1. Where the centre of each part is set by its Cα atoms, how far does the range 43-84 sit from the range 1-28, in angstrom?
2. Compute log10 of I(q)/I(0) for the chain with the Debye formula, placing one identical point scatterer on every Cα and leaving out solvent, at q = 0.18, 0.19 Å⁻¹, to two decimals.
3. Among 21, 40, 72, which one shows the highest mean-square fluctuation when the chain is modelled as a Gaussian network with alpha-carbon springs under 10 Å?
4. How far is it, in nm, from the label point at residue 50 to the one at residue 4 when both lie 7 Å from their Cα along the line to the Cβ?
5. If I stretch the segment between residue 33 and residue 66 completely, what's the gain in nm (0.36 nm per residue apart, minus their alpha carbon distance), one decimal?
6. Ranking 68, 43 by Cβ neighbours within 10 Å, fewest first, what do you get?
7. Choose one answer from 16, 63, 39: the residue with the largest mean-square fluctuation in a GNM of the chain with alpha-carbon springs under 10 Å.
8. Which of 67, 27, 12 ends up with the largest GNM mean-square fluctuation for the chain, with Cα atoms connected below 10 Å?
């Protein structure tokens, strides 16, 4: 999924809901979960010591070429990102 396709899932206020699966073979977007209204994302990093959260922010920042921050879900698989 490229940045243009991803922009369809970002709300008008700049939020993106994701559901993370840490400790995956590679970091990638698996697709849209219509029932949860969130993107499913595999993350290579472990959930220990905030590693997975940091990798998510870096991954989406690089993909979108924008500032990304984690607004909610520091210790949860369900997260809310702010895209600026």
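Values in this text are rule-based calculations from the coordinates and carry no lab data. Model, not experiment: these values are computed from the prediction. Don't worry about glycine lacking a Cβ; one is built from the backbone with ideal geometry, like all the others, and counts go over all protein chains shown.
1. Between the Cα centres of the range 43-84 and the range 1-28 lies a distance of 9 Å.
2. For the chain, the Cα-only Debye profile gives -0.68, -0.77.
3. Comparing 21, 40, 72 in a Gaussian network model of the chain, the most mobile one is 72.
4. Rounded to a tenth, the inter-label distance reads 3.6 nm.
5. 9.5 nm
6. So the residues, fewest neighbours to most, are 68, 43.
7. Ranking 16, 63, 39 by mean-square fluctuation puts 63 first.
8. Result for the chain, Cα springs under 10 Å: 12 fluctuates most.
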